[in-house]
Amino acid sequence: MITTALRSLWAEPRATDVPERVWRDWVLVGVSMVTALLEGVLRDDVAWRPFATIVAVGLAPVLLWRRTHPLACVVVGFGTGMALGLASLLGGVPNVGLNTMVYLLVLVYALVRWGSGREIVIGLAVVAAAAVFSIATDYAGPTELFGGFAVLVAAAAGGAAFRYRAESWRRASDQIRSQERVGLARELHDMVAHHVSAIAVQAQAGRAMAGQRPEAALEVLAAIEGEASRTLAEMRAMVRVLRDGAPAEYAPQPGVADLVSLARRDPVPVVDVEVPGDLDELPLQVDTAVYRLAQEALTNALRHARNASRVEIRVVEGGGKLRLRVTDDGQIDPARSVNHGFGLLGMTERVQLLGGTLRAGPAPEGGWAVDAELPTKVRR
């Protein structure tokens with residue numbers, strides 16, 4: 001069982017959610033360097049104080065690469081620690097090093113959090129070797145021994161916990177995206193059926209006119225060509241999504257015209273819907289997406305907006321774009337601001353698949369707002 005676990009860990013790839021270097025990383029390095037410098041200046045019980053201070057200050061920038069090169073950082077950091085221990089042993093002096101070098105524990109966390117399985121195994125072996133070497137050269141008693149071991153384990157366990165949480169979130173996100181793709185793929189059936197039915201009717205009319213009114217038949221052929229072109233364009237826009245073997249839902253899909261069904265006057269909150277009556281004909285996938293987005297945003301408002309008395313759904317068309325805005329006047333739940341959840345993730349995925357944008361967050365006038373913008377023409 002242990003061999004299988006090690007083999008599985010060895011094959012583990014690197015974490016995929018490695019963030020870019022941010023200002024907090026520079027602050028961490030700066031604080032570590034300043035602390036090491038102050039400790040080296042103020043303490044008078046450190047062997048080879050200038051040398052130890054230079055090493056502690058010079059080693060701190062390694063923290064900047066802890067996410068992108070975790071194994072190299074561990075080797076450099078803990079290798080330097082072993083070198084200092086060896087130097088103190090050969091020089092016959094107490095352990096050369098500053099307490100500030102405890103920042104090396106961040107490298108242990110980063111190794112387990114961001115490294116591949118191979119890097120984790122090799123890096124932890126380096127850390128273990130450094131710990132054993134430290135015990136052999138500067139044993140201070142069982143209390144310090146178990147305390148140091150507990151700190152190392154805590155750093156590694158923290159990295160493993162955050163790695164597992166991020167991986168669980170990624171899997172859940174992928175599942176949401178897959179569900180959205182499946183939903184769009186099922187809508188493909190309705191879209192194709194609509195256009196092909198129109199083509200069939202026009203073809204029948206053209207055949208009836210061909211003998212008596214050839215010019216009218218040509219007009220019908222032009223209409224068929226246009227209908228076929230629209231069908232191909234919409235199919236190209238939707239064929240990018242994959243579909244599993246689940247049975248298709250053949251019921252007609254709701255669209256913008258069905259948004260009025262979401263309106264309600266009682267109970268609180270009141271839901272007010274405003275849709276222009278002169279909307280141009282929309283591609284089916286856009287038409288359906290607007291309804292689904294409004295439905296999801298309304299569900300979120302009813303669930304999360306505290307003390308809301310009104311929810312407004314507005315649809316505006318212009319400039320080749322269809323804009324949906326859903327707002328509420330409720331008090332914002334702090335958890336809603338921090339964690340948007342999978343509902344918003346699915347909405348964003350659907351909008352991006354159609355070439356649009358979506359924003360959700362606190363509205364300037366108070367409450368919560370969801371703004372989506374979708375193209376009224378599908379991408380070819």
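Take region 301-326 and flag every residue that is in contact with a helix residue (DSSP H, G or I) (Cβ under 8 Å, 6 or more places away or on another chain) and crowded, with 22+ Cβ neighbours inside 10 Å.
Step one: filter region 301-326 for residues in contact with a helix residue (DSSP H, G or I) (Cβ under 8 Å, 6 or more places away or on another chain), giving 304, 308, 311, 313, 315, 322, 324, 326.
Scanning region 301-326 gives Val311, Ile313, Leu322, Leu324, Val326.
Only residues that are exposed (fewer than 10 other Cβ atoms within 10 Å of the Cβ), modelled with pLDDT of 75 or more and assigned to a helix (DSSP H, G or I) were counted across region 1-28, and they come to 2.
The listed residues are Val41, Val31, Val76, and the only one of them that is of a type outside the set (Ser, Thr, Tyr), in the same structural domain as Ala110 (by TED's automatic domain parsing), touching a residue at least 12 places away in the same chain (Cβ under 8 Å) and surrounded by 12 or more Cβ atoms within 10 Å (Cβ to Cβ) turns out to be Val76.
Residues checked against (1) surrounded by 19 or more Cβ atoms within 10 Å (Cβ to Cβ); (2) at pLDDT 90 or above; (3) not aromatic (Phe, Trp, Tyr):
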site	(1), (2), (3)
Pro70	yes, yes, yes
Leu86	no, no, yes
Leu90	no, no, yes
Leu107	yes, yes, yes
Ala130	yes, no, yes
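Has region 272-283 got any residue that is touching a Lys or Arg at 6+ places or on another chain (Cβ under 9 Å), surrounded by fewer than 18 Cβ atoms within 10 Å (Cβ to Cβ) and modelled with pLDDT of 80 or more? Yes.
The values are calculated or read from the model by the stated rules, or taken from the named source; none is laboratory data. Source: prediction; values computed, not measured. With ideal geometry, Cβ positions are generated from the backbone for all residues, glycine too; neighbour counts draw on all protein chains shown.
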